[in-house]
Amino acid sequence: MSEPVAQDMETGREPLVGTNPLGRYCADPNLVVFDGRWFLYCTEDGNADWSSTSFYAYSSPDLVHWDRRKILDLEQVPWWTGQTGGWAPSVLRRGQGDYLFYFVADRQIGVAHGSSPNGPFVSIDRPIIAEGDYDCYPIDPAVFIDDDGSRYLLWGNSRAYLARLADDGMSVEESTAVSWVPGDFREAIYINKRQGRYYASWSENDTRDPRYCVRYAVSDSLFGPWSEPRTLLEKCESLGILATGHHSIANIPGTDEWVIAYHRFAMNGHGDGCHRETVFAPLGFRSDGSIRQVNPQPGSYWRPIGPA
């Protein structure tokens, strides 16, 4: 993998690495920290119509040097019929040695379980959210855990949904489902919490559109009302950076440090909505609690961490 090549202008501390830290096409990143190590789960990209049928776990001590292991193949999913490939995974840790892996296939959301963040994962025999269950296209699952330990699943296209997960995480409690349309919401709804405030962020436009971007809003309640949307991340045409979206936000445990992972058109001259690369950037907050807009750079953030 690439070695650090430039100083990060946002913080003045951590350097940047080459333009594609994973060294391959990946999109829809879910970045998390488990036991002092970065883990990333994403859509394996580079195939027409997002047709990959395999999922991998990427792990790293520093967002630069990555191990890659296959964790699930759609051929092992009992309900998969081959209508679509696999997209947009998200991982939940219920406890030590107890992990759930949420993913999209056949325009439905499934879940698989495993004993390690490196898999392997075994799918249950049905989707937990089937096409037609809710008034939206059920894609892009994301997990949110509140301070009291309650767990929620988010998903949606054109309309965002939030519902509490059952205790075993294998289904959602339908009676708790709420929906809303933040800003010009398209997909990839994500929620994180900082200092008692909730931050909802999402992608607008289409992943094939160079204007693909991330917006966010803030609330004192998980269920709103939400503030007026602000831009969190958008393209930088002068640097050739386009279609910056479908993100996740990770906190380094025990700190107020935050990192955003997102994808963009690959910068190797072949970038489009099916050839995307995942990069990382520091995420900063102002004294009023608003998020500083991310300034996309050709390079990617480098942040070593050690065991928690």
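Here, each number is a calculation from the coordinates, and none is a lab measurement. Computed from a predicted model, the values in this text were never measured in an experiment. Because the Cβ atoms are built from the backbone with ideal geometry, glycine has one as well, and the counts that use them run over all protein chains shown.
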From the P(r) of the stretch 6-301, can you give the percent of Cα pairs sitting at distances over 33 Å?
-> 15 percent
Taking the dipole of the chain about the Cα centre (Lys, Arg +1; Asp, Glu -1; charges at Cβ), the one of 122, 142, 26 that reaches farthest to the positive side is 26
Taking 0.36 nm per residue of separation and subtracting the Cα-Cα distance, what length does fully extending residue 35 through residue 116 add?
-> 28.0 nm
For the chain, size of Cβ-based charge dipole, Lys and Arg +1, Asp and Glu -1, in debye = 480 debye
Given charges of +1 on the Cβ of Lys and Arg and -1 on the Cβ of Asp and Glu, with all other atoms neutral, how large is the dipole of the stretch 140-204 about its Cα centre, in debye to the nearest 20?
-> 240 debye
Dipole check, the stretch 161-308, charges on Cβ (K,R +1; D,E -1), about Cα centroid: among 284, 201, 263 the Cα furthest to the positive pole belongs to 284
Which listed residue (176, 247, 223) has the Cα farthest towards the positive end of the charge dipole for the stretch 146-294, taking +1 on Lys and Arg C-beta and -1 on Asp and Glu C-beta about the Cα centre?
-> 247
Partnerless Cys - the chain, beta-carbon criterion under 4.7 Å | 136, 213, 236, 274
Taking the simple approach of a point 7 Å from Cα along Cα-to-Cβ for both residue 251 and residue 176, what is their distance in nm?
-> 1.9 nm
For a paramagnetic label modelled at 7 Å from the Cα of residue 222 toward its Cβ, which residues of the stretch 92-118 fall within the zone defined by backbone nitrogen distances under 16 Å?
-> 92-94
Distance in nm between label sites at residue 184 and residue 231, each 7 Å beyond Cα in the beta-carbon direction?
-> 1.1 nm
Segment residue 285-residue 73, length gained on full extension (0.36 nm per residue, minus Cα span) = 72.5 nm
Selected from 195, 293, 108 as most flexible by GNM, with the chain as the system and alpha-carbon contacts under 10 Å | 195
